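The structure appears right after this line, and notes come after that.
Since every read-out is calculated from the coordinates, none of them should be taken as a lab result. The structure displayed is predicted, hence computed values, not measured ones. Quick reminder, even Gly has a Cβ in these numbers, built from the backbone with ideal geometry, and neighbours come from all protein chains shown.
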């Protein structure tokens with residue numbers, strides 16, 4: 001493999017790493033192991049720190065493909081905690097409100113979920129990388145500033161219930177969606193539809209375009225790949 005000329009590498013992003021952490025680690029290893037001072041390296045779509053799964057990284061001339069790869073369909077498996085919300089819609093922030101869940105049944109969930117199929121207008125989370133007047137929304141939100149984000153049009157190609165634990169009030173869903181979809185915001189909207197509130201407690205990206213978890217490597221395997229190159 002010629003990483004300097006350009007390659008596409010799929011990583012299984014570790015929990016609590018940012019996508020930029022993945023890029024930074026890949027760049028450092030390549031420059032250090034290959035003895036080069038500079039190397040173009042970029043990722044093809046941000047994945048939240050509290051999520052794991054497919055992050056596609058391009059090096060060298062293959063970075064020209066980043067815009068194209070960013071437009072590819074994404075696939076996720078998400079676990080939602082019903083009956084409670086957080087300001088970040090996930091576990092980054094503590095629970096801020098509790099809701100009743102006695103009315104929630106599997107039948108109610110099965111009736112509601114198909115409403116999210118197709119084109120959807122989605123308001124991004126306040127704690128996101130969306131820019132507001134040139135500043136990242138999450139930076140403003142963490143300062144306690146009011147952030148008004150405009151809804152964005154996206155497409156959900158498939159959404160299915162994988163499992164529902166009525167005792168724990170935890171819902172696992174499988175989602176196939178377009179670029180720009182925030183699964184945290186989807187969790188929020190599902191909670192609103194159910195009248196119970198919800199937030200994300202686990203998220204795994206299982207596919208980007210044709211690249212699945214089966215194509216992914218970890219950094220130990222990546223170091224070995226460079227060494228054997």
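A few remarks follow.
- Net length available on complete extension from residue 157 to residue 2 is 52.2 nm, with 0.36 nm assigned per residue and the Cα-Cα distance removed.
- Helix-only [θ]222 nm of the chain, DSSP H runs n ≥ 4, -39500 (n - 2.57) each, per residue, nearest 500: -7000 deg cm²/dmol
- Burial ordering of 28, 17, 121, fewest other beta-carbon atoms within 10 Å first: 121, 28, 17
- Taking the average, over residues, of other Cβ atoms within 10 Å as the packing measure, peptides 154-167, 38-51 rank 38-51, 154-167 from highest down.
- Spacing of the two label points (7 Å from each Cα toward its C-beta) at residue 108 and residue 20, in nm: 4.1
- Peptides ranked, highest mean first, by Cβ atoms within 10 Å: ranges 210-221, 84-95: 84-95, 210-221
- Given R0 = 25 Å, the distance between the Cβ atoms of residue 64 and residue 31 translates into a calculated FRET efficiency of 0.80.
- In plain terms, the residue of 181, 79 with the fewest other Cβ atoms within 10 Å comes first and the most crowded comes last, giving 79, 181.
- On Cα atoms only, tilt of 183-194 relative to the major axis of the chain in degrees: 10
- Overall form of the range 74-208 per C-alpha gyration tensor (a/c, 1.5; a/b vs b/c): oblate
- Principal-axis tilt of helix 19-34 within the chain, Cα atoms, nearest 10 degrees: 10
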